[in-house]
Amino acid sequence: MTLEARGLVAGYGDKSILDKVSFTLKDGEILAFFGHNGAGKSTTLKAVLGLLPAQEGEILLDGERIEKLSVSARLKRGLRLLPEGRGVFPDLSVEDSIEIVARSNRDPNGNKISGDDVYELLPVLKDRRKIVAGEMSGGQQQMLAFGLALLGSPKCVLLEEPSVGLQPDLVEELFAKMSDICKQLSISAILIEHKIVSAMKIADQVMIINSGKLVFNGTKTEAEQIDLWNYF
Amino acid sequence: MLYLQLVADGVVTGCAIGLVSVSFAYFYATTGIFHVAHAGIYTLCGYVAWYLTGIGVPFPLALLASIACGALVGAGIQATLYRQLDKKGASPLVKLIASIGVLTTLQNVVAILFTPNIVQFDLPWRLARVTIGGLAFSVPQVLVLVFSVVLFAGIVAFSKYTTLGKRIRAVASNPALAEITHLHPQKVFIYVIAIASGLVAVPGVLIGVDQALQPYTSLIILLTAVIAMIAGGIGSLGGAFIMSIVLAVVQSLSVAFVSGRWSVAVVFGIFVVFILIRPEGLFRHKFNRAI
C-alpha cells in the first residue's frame, strides 16, 4: 500500500488551512505527524479520509486517485480513522461494538482482520467483552477504538492523538501495541501526537507542519539529527 | 372500586401514550430531531384504518396497512426533509420548525382527504365490554393494553439483541464514529423513523377505535408523550413507558377530585414539580444530543 498526497489544499468553507501538503507513506510504515495546535494536522487527516473536501491537489491510494471519492468509498479501500477523544460507542458493550463494526466493514474478498483477530491482537478486550465501553478506563477505550479501526481490511490507519487523557506508562504500552500490530499486518499509519518522545520511538518517518505548510518531512534518522523544536 | 377503575383506565391510556412516547424517544435519541410531525403520522394512520374498515377491509388488515403507511410516510419525511436539512447543516431549531410544518400539512391533508369532523369506527365489537377482576374494559382497551405491552417489550428486545438494534444504539451514542466506521447513519435514521412511525400507528388506530378520530387533537397526546419521555429520562425507553402510565393514571385519578377540564393542568403541574426535583428524569441516562 502507498498513500500519497500531492499539493493538497483543504480547509473549512472557503478558508484554506493546508498549503500544498505533499507526502508519501509506504506499506507498513508509521509516519509521526507533529505540529502545534491549529497547524493543520487534523485537517490533513480529515481531507485524506474525505471528511473535508480537497480544494486542490491529489490524494492517491495505491496509485488510484481518491480525493473525489466519498468517505464510504475510501473506507472500503482500506483507510481508517481513530478520532481524537471519542473513538468508542459509549452505550455498547465491547462485544456488540466489535460485532456491528466487523459486520459493516466486512471485506467481500476476505477479511484481513476479523472480530476474533481483534480479540487475539488485543487480549485486554477479550477479558472485557461484556463491559459497556463508556464504563472502561481511558486506556482500555483507546484499545477498543484501535480495535474497531482495524476491522475489515485496513491498509492505512489515521491515528488522531490516541494518547489524550492517558497516563504516560499507558501511552508507551499503547504505542508499542499499535506498532507491533501495524508491522505484523503491514498496515501503515499516520500518527498525530503531542507526546513527541513516545511517538518517535515507533515512527519510521516524521513530518512537521506549521501554519498549514510542511516544514519538515524526512526519515526518523534524519529527524533525530535535527532539533525538532526549531520547526514548531 | 371507583378509584380502581380510574387507575385501570389510566393504565390503559398510559400504555397507548407510552407507545407514542417510546416511538418518539427512539427516533429523538438516535437523530436528535424533535420530530413533532410524529403526531401527524399518528393521526394519518388512524384515518387510514378508519377509511379501510369503512370500505370493508377486515380490521387486522386495516391495522397492518396503517402501520405500513406510517412507516412509509415516516421514511419519506426522513429521506426528503430531515436528510436534506442535515446536508445543509441545519440547526435542531430549524428541523423542529420544519417538523411543525409537516405536522400542520399532514393534519390538513387528513382533513381534506377524509373529513375535518369527528368520526368513529363502524365496528360492531367496538362497544363490547369485558370484566376482569371486577374492572370493566372495552374490547379496544384490552387491545391497547395487549398491543402496547407486547410492542414495548418487542422494541426493547429488538434494540438489545438484534444487529440492527445494536447498530441504531451505536449511531445514537456516537454518530461521528458511526460515520467513519461505515455504519451509514443516514440509512439508520430511515430505519428508525420507519420503525417509530409504524409503532405510533398502533395507538393511532386503537385509540381511534376506542374513542374517536379528529384531525387536530393528536398534538396534546404527543405533548403528554414528550413530557413522559423527559420525566422518564431522555434516552431511556423504559423510563418513557413507565412515566406515560404514571402520568395517565394521575390524570385519570384527578377527575375524582377536580373537574375533568383541569386534569391536563394537574398532570403538567406535577411534571413541573417532578422535573425541578429530578431534572435528569426517572432513570439517569447520559444523553449527549442537542435538545
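Which residues, counting only those in the stretch A:2-18, are in contact with a strand residue (DSSP E or B) (Cβ under 6 Å, 6 or more places away or on another chain) and either crowded, with 16+ Cβ neighbours inside 10 Å or more than 19 Å from A:LEU60 (Cα to Cα) (or both)? Lay out the reasoning, then the answer.
At the first step, the residues of the stretch A:2-18 found to be in contact with a strand residue (DSSP E or B) (Cβ under 6 Å, 6 or more places away or on another chain) are A:3-10, A:16-18.
If the condition is that a residue be in contact with a strand residue (DSSP E or B) (Cβ under 6 Å, 6 or more places away or on another chain) and either crowded, with 16+ Cβ neighbours inside 10 Å or more than 19 Å from A:LEU60 (Cα to Cα) (or both), then A:LEU3, A:GLU4, A:ALA5, A:ARG6, A:LEU8, A:VAL9, A:ALA10, A:SER16, A:ILE17, A:LEU18 are the ones that fit.
Filter the stretch A:149-180 for residues that are within 11 Å of the chain's Cα centre (by Cα) and either more than 21 Å from A:THR44 (Cβ to Cβ) or acidic (Asp, Glu) (or both) and give the result.
A:LEU150, A:GLU160, A:GLU161, listed by residue number.
In the list A:GLU135, A:GLU64, A:GLU84, A:GLU95, which residue meets the criterion of being touching an Asp or Glu at 6+ places or on another chain (Cβ under 8 Å) and among the charged types (D, E, K, R)?
None of the other options fit; the residue is A:GLU84.
Can you tell me which residues in the stretch B:202-246 are over 14 Å from the mean Cα position of the chain (by Cα) and outside any helix (DSSP H, G or I)?
Once the filter is applied, which keeps residues that are over 14 Å from the mean Cα position of the chain (by Cα) and outside any helix (DSSP H, G or I), the stretch B:202-246 yields B:GLN211, B:ALA212, B:LEU213, B:GLN214, B:PRO215, B:TYR216, B:GLY233, B:ILE234, B:GLY235, B:SER236.
Mind checking which pairs have a first residue in the stretch B:17-45 that is closer than 19 Å to B:ALA68 by Cβ and a second that is assigned to a loop (DSSP other than H, G, I, E, B), Cβ under 6 Å, 6 or more apart or different chains?
B:PHE27/B:HIS35; B:THR43/B:PRO215
Is it the case that A:GLN140 is more than 30 Å from A:ASN230 (Cβ to Cβ) and away from chain B (no Cβ under 14 Å)?
The answer is yes for A:GLN140.
Take the residues in the stretch A:15-49 that are small (Gly, Ala, Ser) and in a loop (DSSP other than H, G, I, E, B), then tell me which one is nearest to A:ILE202 (Cα to Cα).
A:GLY28
Can you name every one of the strands (runs of 3 or more DSSP E) wholly within the stretch A:135-213 that holds 2 or more residues which are modelled with pLDDT under 90?
Answer list for the stretch A:135-213: none.
With the structure loaded, tell me whether B:LEU199 is more than 14 Å from chain A (Cβ to nearest Cβ) and assigned to a helix (DSSP H, G or I) or whether it fails that test.
The answer is yes for B:LEU199.
Would you point out which residue out of B:LEU103, B:LEU96, B:LEU4 is in contact (Cβ under 8 Å) with a residue 24 or more places away in the chain, more than 20 Å from the chain's Cα centre (by Cα) and within 29 Å of B:GLY239 (Cβ to Cβ)? Reasoning before the result, please.
Details: B:LEU103 fails: more than 20 Å from the chain's Cα centre (by Cα); B:LEU96 fails: more than 20 Å from the chain's Cα centre (by Cα).
Criteria check complete, one pass: B:LEU4.
How do the helices (runs of 4 or more DSSP H) wholly within the stretch B:127-186 filter down when requiring 3 or more residues that are within 24 Å of the chain's Cα centre (by Cα), surrounded by fewer than 19 Cβ atoms within 10 Å (Cβ to Cβ) and touching a residue at least 12 places away in the same chain (Cβ under 8 Å): which remain? Before the answer, list the steps.
Values: elements: B:139-161, B:163-173, B:175-180.
Where helices (runs of 4 or more DSSP H) fall fully within the stretch B:127-186 and carry at least 3 residues being within 24 Å of the chain's Cα centre (by Cα), surrounded by fewer than 19 Cβ atoms within 10 Å (Cβ to Cβ) and touching a residue at least 12 places away in the same chain (Cβ under 8 Å), they are B:139-161.
Which members of the stretch A:62-88 meet the condition of being surrounded by fewer than 20 Cβ atoms within 10 Å (Cβ to Cβ) and either more than 11 Å from chain B (Cβ to nearest Cβ) or farther than 30 Å from A:GLU135 by Cβ (or both)?
A:ASP62, A:GLY63, A:GLU64, A:ARG65, A:LYS68, A:LEU69, A:SER70, A:SER72, A:ALA73, A:LYS76, A:ARG77
Which one of the conditions (1) surrounded by fewer than 20 Cβ atoms within 10 Å (Cβ to Cβ); (2) polar (S, T, N, Q); (3) touching a residue at least 24 places away in the same chain (Cβ under 8 Å) does A:SER163 fail to meet, given that it meets all the rest?
Of everything listed in (1) surrounded by fewer than 20 Cβ atoms within 10 Å (Cβ to Cβ); (2) polar (S, T, N, Q); (3) touching a residue at least 24 places away in the same chain (Cβ under 8 Å), A:SER163 misses just condition (1).
Does B:ALA68 meet the test of being in a loop (DSSP other than H, G, I, E, B) and either out of contact with any helix residue (DSSP H, G or I) (no Cβ under 6 Å at 6 or more places or on another chain) or of a type in the set (Phe, Trp, Tyr) (or both)?
So B:ALA68 does not fit the description; no.
Output the residues belonging to the stretch A:89-115 that are more than 7 Å from chain B (Cβ to nearest Cβ), within 17 Å of A:VAL157 (Cβ to Cβ) and assigned to a loop (DSSP other than H, G, I, E, B).
Hits for the stretch A:89-115 are A:ASP107, A:ASN111, A:LYS112, A:SER114.
The values are calculated or read from the model by the stated rules, or taken from the named source; none is laboratory data. Because the structure is a prediction, the values reported are computed rather than measured. Note that we place each Cβ from the backbone using ideal geometry, even for glycine, and neighbour counts take in every protein chain shown.
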